[in-house]
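*Asks:* I have a structure I would like to understand better, so I am pasting it below and will then ask my questions one at a time.
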Amino acid sequence: MRFVVFAAVLAACLAPSLSQASEKTFAVPADDGYGMDDCLAEGKACAKLVADSWCQVKGLNHSVRFEAAAPEDITGSLSEEAARPAAAPAYLITCQD
């Protein structure tokens, strides 16, 4: 009987850690100083390292996705009159806890 109670308590303690980790997506300008343009734009091997570094600076564990941002990703909440093309390209980096 003690084993059943112990197993139930252990399962209750571990349940929050078994849930899916949260994700956050950031729009990052290519010229922000992290080497976005050099690595992400050209798909070099350093792309994952740059994206992971960005996530860690933001207090998150690692990147799960990184890609070039479409103009509507950046200005999607603006009206057509207010939307302006970005001066420099941007990237979307999705980080996970």
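*Asks:* What pairs come up if the first residue lies in segment 44-60 and is over 14 Å from V28 (Cβ atoms), the second is surrounded by 14 or more Cβ atoms within 10 Å (Cβ to Cβ) and not β-branched (V, I, T), and their beta carbons are under 6 Å apart, counting only those six or more places apart or on different chains?
*Replies:* If the second residue must be surrounded by 14 or more Cβ atoms within 10 Å (Cβ to Cβ) and not β-branched (V, I, T), the pairs left are C46/C39.
*Asks:* Right, something else. Take segment 26-61 and flag every residue that is part of a strand (DSSP E or B) and either out of contact with any strand residue (DSSP E or B) (no Cβ under 7 Å at 6 or more places or on another chain) or crowded, with 16+ Cβ neighbours inside 10 Å (or both).
*Replies:* Those that are part of a strand (DSSP E or B) and either out of contact with any strand residue (DSSP E or B) (no Cβ under 7 Å at 6 or more places or on another chain) or crowded, with 16+ Cβ neighbours inside 10 Å (or both): F26, V28, P29.
*Asks:* Then there is this: Look through segment 1-25, keep the residues that are within 22 Å of K58 (Cβ to Cβ) and part of a loop (DSSP other than H, G, I, E, B), and return whichever of them is modelled with the lowest pLDDT.
*Replies:* S19
The values are calculated or read from the model by the stated rules, or taken from the named source; none is laboratory data. Here the structure is a predicted model, which is why all the values come from computation and not from measurement. For neighbour counting, all protein chains shown are included, and Cβ atoms are generated from backbone atoms with ideal geometry for every residue, glycine included.
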